[in-house]
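The values are calculated or read from the model by the stated rules, or taken from the named source; none is laboratory data. On a predicted model such as this, the values are computed, not experimentally measured, just so you know. With ideal geometry, Cβ positions are generated from the backbone for all residues, glycine too; neighbour counts draw on all protein chains shown.
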Amino acid sequence: MTALTQQPSAIPLDVFPDGLKTTGQHPPLYNELHPFDKFPREISGQTVWKAEDYRDAPERWTHRFTAEEIEELSTASDNFLHNKIPLTGISKSNFLLPNLAARLHELRADLIDGKGFILFKGFPVEQWGNHKSAVAYMGLGTYLGYFVSQNSRGHVLGHVKDLGEDSTKIDSVRIYRTNARQYFHCDDSDIVGLLCIARALEGGESDIVSSHHVYNVLAQERPDVLKTLTEPIWYFDRKGETSAGQDDYIRTSVVYLERGENARVYTKWDPYYVRSLTRFSDAGIIPPLSAAQVEALEVLEATCNRLSLHMILEVGDIQFLSNMHVLHARTAYTDYPPPMPRRHLMRLWLATPEHEGGWKLPFWDSNEKKRGGIQVDDQAPVAPLDAE
């Protein structure tokens with residue numbers, strides 16, 4: 001029996017106000033990984049969708065907040081601010097949404113086990129300003145999952161914004177802090193949320209794809225590529241965001257199976273974190289990418305591009321995506337010249353532990369409330385209101 005918990009029993013509340021600590025990045029349980037012949041030949045169900053199913057039917061994947069829903073979010077936010085609770089301590093118990101809660105419960109199920117995406121519209125960010133907007137956004141997120149840290153600084157409220165960092169230094173720079181293209185990937189959480197605070201002058205648009213549809217297409221067209229993606233021969237960079245004693249990289253596969261019966265296919269992928277490891281492969285510490293691996297990552301990206309659904313986030317839009325069976329990308333962008341604000345998205349990474357309906361992942365922390373994310377030693381969670 002594989003142990004699925006290693007968390008310390010006592011978590012200091014003065015450091016982690018909600019009593020929960022992000023578990024962080026870890027290697028998979030290698031004995032829970034399976035050879036290609038154990039994978040399904042075809043995936044079926046709601047998680048398999050085609051762009052043409054939704055491209056001309058935005059009503060199937062968008063929801064405009066009603067006046068009553070905005071009022072409920074506003075009241076809950078005002079009450080939270082009045083009680084002077086740290087933003088890192090926000091939870092369903094101190095952010096009450098008596099009417100929206102049922103709708104969000106349905107949405108959570110659709111994100112985890114259904115199509116895996118939604119676009120909310122009409123969130124009044126310009127009226128509320130960054131602080132109240134952040135409270136309302138994080139409060140909304142607590143009904144979908146537990147927020148986890150997104151970097152070594154403990155940011156549980158992230159900010160996707162160009163900070164002028166060099167996007168070519170992929171071994172140290174996180175691409176979300178640049179204006180470069182983001183290739184199809186998923187984040188280190190079960191659900192990712194993006195709230196648009198300010199748009200770019202041009203670009204910065206979103207593409208998403210069902211990784212289960214991609215799987216089916218590869219199974220038909222390039223089963224050799226799919227087999228390569230299921231093999232635990234891939235190394236993912238930690239980019240220096242490691243706790244004491246941890247390796248700088250993780251050996252894993254790209255495509256997994258859940259644990260247990262009726263196991264679903266789960267994809268965990270980011271090409272930037274695979275291509276950035278030449279400092280170790282050049283030194284002979286890890287093997288370089290093989291020709292088959294290079295071809296696999298190129299075929300995977302091309303297939304995602306071919307099958308993707310395009311969407312544009314306007315100011316006040318919130319996109320929530322599953323990281324278990326949806327891959328997402330972003331086009332490169334150009335900001336408005338000063339004094340206009342730069343493109344700015346507030347980001348949430350949310351965890352859904354298996355005992356609360358989350359997927360049974362082949363990782364030791366699968367049953368932890370704040371599974372995944374990035375946690376360095378005992379770095380406290382912080383929720384800055386802008387990029388830093």
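Of 191, 175, 197, all but one fail to be within 21 Å of residue 332 (Cβ to Cβ), β-branched (Val, Ile, Thr) and buried (at least 22 other Cβ atoms within 10 Å of the Cβ); the exception is 197.
A Cβ distance below 8 Å, combined with a sequence gap of six or more or placement on separate chains, defines the contacts here; from region 86-100, residues that are over 13 Å from residue 131 (Cα atoms) and among the hydrophobic types (A, V, I, L, M, F, W, C) reach residues that are crowded, with 20+ Cβ neighbours inside 10 Å and modelled with pLDDT under 95 in the pairs 90/18. If I filter region 190-207 for residues that are among the basic types (Lys, Arg), under 25 Å from residue 365 (Cα atoms) and in contact with a Phe, Trp or Tyr (Cβ under 9 Å, 6 or more places away or on another chain), do I get at least one hit? Looking for residues that are among the basic types (Lys, Arg), under 25 Å from residue 365 (Cα atoms) and in contact with a Phe, Trp or Tyr (Cβ under 9 Å, 6 or more places away or on another chain), one finds none in region 190-207, hence no.
The set of residues in region 55-94 that are outside any helix (DSSP H, G or I) and closer than 24 Å to residue 321 by Cβ comprises 55, 56, 57, 61, 62, 63, 64, 65, 66, 90, 91. For region 325-346, the tally of residues that are surrounded by 21 or more Cβ atoms within 10 Å (Cβ to Cβ) and either out of contact with any helix residue (DSSP H, G or I) (no Cβ under 7 Å at 6 or more places or on another chain) or charged (D, E, K, R) (or both) stands at 5. Criterion applied to 287, 353 was being in contact with a Ser or Thr (Cβ under 8 Å, 6 or more places away or on another chain) and under 20 Å from residue 88 (Cα atoms), and the one residue passing it is 353.
Per this entry, residue 101 is counted among residues that are of a type outside the set (D, E, K, R), under 24 Å from residue 383 (Cα atoms), surrounded by fewer than 16 Cβ atoms within 10 Å (Cβ to Cβ) and under 23 Å from the mean Cα position of the chain (by Cα). The set of residues in region 139-185 that are charged (D, E, K, R) and either at pLDDT 95 or above or part of a loop (DSSP other than H, G, I, E, B) (or both) comprises 153, 161, 162, 165, 166, 169, 171, 174, 181. Scanning region 200-222 for residues that are in a helix (DSSP H, G or I), surrounded by 23 or more Cβ atoms within 10 Å (Cβ to Cβ) and not hydroxyl-bearing (Ser, Thr, Tyr) turns up 212, 214.
The single condition among (1) under 30 Å from residue 303 (Cβ atoms); (2) assigned to a loop (DSSP other than H, G, I, E, B); (3) of a type in the set (A, V, I, L, M, F, W, C) that residue 112 does not meet is (2).
Of 87, 81, 73, which residue is aliphatic (A, V, I, L, M), within 14 Å of residue 123 (Cα to Cα) and surrounded by 13 or more Cβ atoms within 10 Å (Cβ to Cβ)? None of the others qualify; the one that does is 73.
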